[in-house]
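One structure is given below, encoded as structure tokens.
The values are calculated or read from the model by the stated rules, or taken from the named source; none is laboratory data. Quantities reported herein were computed from a predicted structural model and do not represent experimental measurements. Neighbour counts run over all protein chains shown; Cβ positions are idealised from the backbone, glycine included. Each accessible area value is taken on the protein alone, full model and side chains, heavy atoms only, with ligands, DNA and RNA left out. Shrake-Rupley method; radii C 1.70, N 1.55, O 1.52, S 1.80 Å.
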Amino acid sequence: MTDTPPRQHSLLLARVRRLPPWSLLAAGTLAGGLLGGAYGMLTPPTYTATSYVIAVPTEKSNPDSALGFAQAYGRVATQLAVLGDAQVWAGVPVQTLQHSVRTATSPDAPMVAVSATSSRPGLAIDMANAVSRALTQHADDTSASTQVRLVQFSRAVKPTEPTSASPAVTALVGASAGGLLGGLALLARPRKTDQDDDPLPGASVPGPAAATDMRGQR
């Protein structure tokens, strides 16, 4: 006879309780490491190129104002007004520039760093330099009122190494995440009770009914 669903559920719980505690941790760590390593190997590497522009005050401007304008230009560098001109020199759509270009400024120096990321090193260079060029032109157009100009400080150069994580790093991250999930599963595992030590009852088969003697006494 086949086991009923409640009995199958009891057998499954019993087997899970008998597993050693380290088995869930090992299984989670191994699965996470394999998935993380596969992700790192299948994902193409990305490269980042960075160009720098510096804010220079004119003779009629306060030198301290250059720092404030550098912060402002760093925020507008990724706006459509700048990226619309940069796409012509970069040769990519505006959406690609919005996704790939980031800027950073320093609280101590009037400098703007324009970074672009791509799976092709040459394209990362072109995008970073194109945005820097468009940003300096916009600053020059308003220099009469702002009394501050942007000057190219350093052009982007070809990156020598990818900035994306290597397969070894992604495997390590995946193993850590898998181990964490395995630990959570271990905490949620059903606890072993005293009743679990008793053997499971076997399946009973009803016996034939006793025949009734219908014969009368002689």
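Can you confirm whether ASP126 is touching a Leu at 6+ places or on another chain (Cβ under 9 Å), among the acidic types (Asp, Glu) and without any contact (Cβ under 8 Å) to a residue 60 or more places away in the chain? Lay out the reasoning, then the answer.
Values: touching a Leu at 6+ places or on another chain (Cβ under 9 Å): no; among the acidic types (Asp, Glu): yes; without any contact (Cβ under 8 Å) to a residue 60 or more places away in the chain: yes.
So ASP126 fails the test.
Kindly indicate whether VAL92 is modelled with pLDDT of 90 or more and part of a loop (DSSP other than H, G, I, E, B).
yes
Kindly establish whether PRO63 is assigned to a loop (DSSP other than H, G, I, E, B) and touching a residue at least 40 places away in the same chain (Cβ under 8 Å).
no
Residue-by-condition table, conditions (1) closer than 22 Å to SER100 by Cα; (2) modelled with pLDDT under 75; (3) open to solvent by less than 40 Å² (accessible area, probe 1.4 Å):
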{"residue": "ARG18", "(1), (2), (3)": "no, yes, no"}
{"residue": "PRO21", "(1), (2), (3)": "no, yes, no"}
{"residue": "ALA31", "(1), (2), (3)": "no, no, no"}
{"residue": "TYR39", "(1), (2), (3)": "yes, yes, no"}
{"residue": "ALA66", "(1), (2), (3)": "no, no, yes"}
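Hey, can you tell me all the residues within region 95-117 that are among the polar types (S, T, N, Q), within 16 Å of THR48 (Cα to Cα) and not in a helix (DSSP H, G or I)?
Here is the first cut: in region 95-117, the ones among the polar types (S, T, N, Q) are 95-96, 98, 100, 103, 105-106, 115, 117.
After this cut, where a residue has to be within 16 Å of THR48 (Cα to Cα) as well, the list is 96, 98, 100, 103, 115, 117.
Answer for region 95-117, where residues must be among the polar types (S, T, N, Q), within 16 Å of THR48 (Cα to Cα) and not in a helix (DSSP H, G or I): THR103, SER115, THR117.
Exactly one of these conditions fails for ALA175: (1) open to solvent by less than 50 Å² (accessible area, probe 1.4 Å); (2) over 20 Å from the mean Cα position of the chain (by Cα). Give me its number.
(2)
Every residue in region 75-117 that is among the polar types (S, T, N, Q), open to solvent by 70 Å² or more (accessible area, probe 1.4 Å) and more than 30 Å from SER65 (Cα to Cα), please.
GLN95
Of everything in region 118-150, what is assigned to a strand (DSSP E or B) and either closer than 12 Å to GLY74 by Cα or open to solvent by less than 50 Å² (accessible area, probe 1.4 Å) (or both)? Give them in sequence order. Outline the logic, then answer.
Step one: list which residues in region 118-150 are assigned to a strand (DSSP E or B), which gives 118, 148-150.
If the condition is that a residue be assigned to a strand (DSSP E or B) and either closer than 12 Å to GLY74 by Cα or open to solvent by less than 50 Å² (accessible area, probe 1.4 Å) (or both), then SER118, VAL148, LEU150 are the ones that fit.
Select from region 78-89 the residues that are modelled with pLDDT of 90 or more and small (Gly, Ala, Ser) and list them in ascending order.
GLY84, ALA86
Suppose we filter GLY91, GLY84 for residues that are more than 25 Å from the chain's Cα centre (by Cα) and on the phi > 0 side of the Ramachandran plot; which single one remains?
One residue alone meets the criteria, GLY91.
Could you grab me the full set of residues in region 154-163 that are surrounded by 14 or more Cβ atoms within 10 Å (Cβ to Cβ) and under 16 Å from ASP126 (Cα atoms)?
As a first pass, look at region 154-163 and keep what is surrounded by 14 or more Cβ atoms within 10 Å (Cβ to Cβ): 155-156, 159, 162.
Listed by number, the residues that qualify are ARG155, ALA156, PRO159.
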